[in-house]
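Okay, structure first, notes after.
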Amino acid sequence: MKFILGRKVNMTQVFDQDGTVHPVTVVKAGPITITQVKEKTTKDGYAAVQVGFDSKRSALINKAQRGHTKDLGDFRFLKEFRTDATFKKGDKIDVSIFKEGDDITVSATSKGKGFQGVVKRHKFKGGPRTHGQKHSEREPGTISGAGRAGGRVAPGMRMAGRMGGDRVTVKNLKVIQINPAENLLLISGAIPGKPGDLIEVVSQ
């Protein structure tokens, strides 16, 4: 299992040797540091590694985390990956663990879009535009009593509300190019989040 953390940079396009154009997302990934190794045989009860990424001023990190990573640095992000691979505390991982053509899965937090109505949030078609309608083109319409006994809104009812800001995972993407000198991964297509957001990249 291969994994790395990075930050989204932007989107662009690249050409392969055949002249085919590929839309790609540029991710500045790693290097990440192994901050903890968990094993099935210990009290943890499962195999995983914790990694640290990006630096942060020591004064802004709580005392428990400073003690946890005191020999390795002050990290802005700590993430855990389930893996049976052999790592040691202090090992570093960079983009060179990937190769062009790798199938990868990318996870990130989607862009927040604020409070949105049902037409944008749930793709409702709205009301008719004629026959006496005046201000209800984008209204949700009846919610039909909602709960089974009525008198309340049932959980999961599609209504207006906060949109975006969710954890989104996109599978079956590919690594198009790698630039180890600048720690860049060029990933096929679009991925969640805005420029600067934390990106998790995993390959089996």
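The values are calculated or read from the model by the stated rules, or taken from the named source; none is laboratory data. Because the structure is a prediction, the values reported are computed rather than measured. Virtual Cβ from ideal backbone geometry, glycine too; neighbours counted across all protein chains shown. The area values use the complete protein model at the heavy-atom level, side chains included, leaving out ligands, DNA and RNA. Shrake-Rupley method; radii C 1.70, N 1.55, O 1.52, S 1.80 Å.
Some values worked out for this structure:
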item: Cα-based equivalent ellipsoid of the stretch 97-204: semi-axis lengths in Å, sorted from largest, via gyration tensor; result: 42, 16, 12
item: For the stretch 1-31 versus the stretch 138-204, the gap between their alpha-carbon centres in whole angstrom; result: 20
item: Global geometry of the stretch 153-196, whether rounded, prolate or oblate, following the gyration tensor of its Cα atoms and the 1.5 cut on a/c; result: prolate
item: Where N is the number of residues in the stretch 2-123, Cα Rg divided by 2.2 N^0.38 Å; result: 1.37
item: Difference of contour (0.36 nm per residue) and Cα-Cα distance, HIS22 to ALA59; result: 9.0 nm
item: Neighbourhood charge, 11 Å Cβ-Cβ cut-off, centred on GLY126 and excluding it, Lys, Arg +1 and Asp, Glu -1; result: +3
item: Convex hull of Cα atoms in the chain, direction-averaged projection (nm²); result: 19.2
item: Gyration tensor verdict on the stretch 12-51 (Cα atoms; rounded if a/c is under 1.5, prolate if a/b is larger than b/c, oblate otherwise); result: prolate
item: The stretch 33-124: relative contact order as a whole-number percent, Cα under 8 Å and 6+ apart; result: 29
item: Value of Rg to Rh for the stretch 64-159 (Rh from inverse mean 1/r over Cα pairs, i.e. Kirkwood); result: 1.26
item: Mean accessible surface per residue for the chain, computed with a 1.4 Å probe while every protein chain stays in place, in Å²; result: 63
item: Computed helical MRE - 222 nm, the chain, DSSP H runs ≥ 4 contributing -39500 (n - 2.57), nearest 500; result: -1000 deg cm²/dmol
item: Distance (nanometres) between label positions extended 7 Å along Cα→Cβ at THR42 and LYS89; result: 0.7
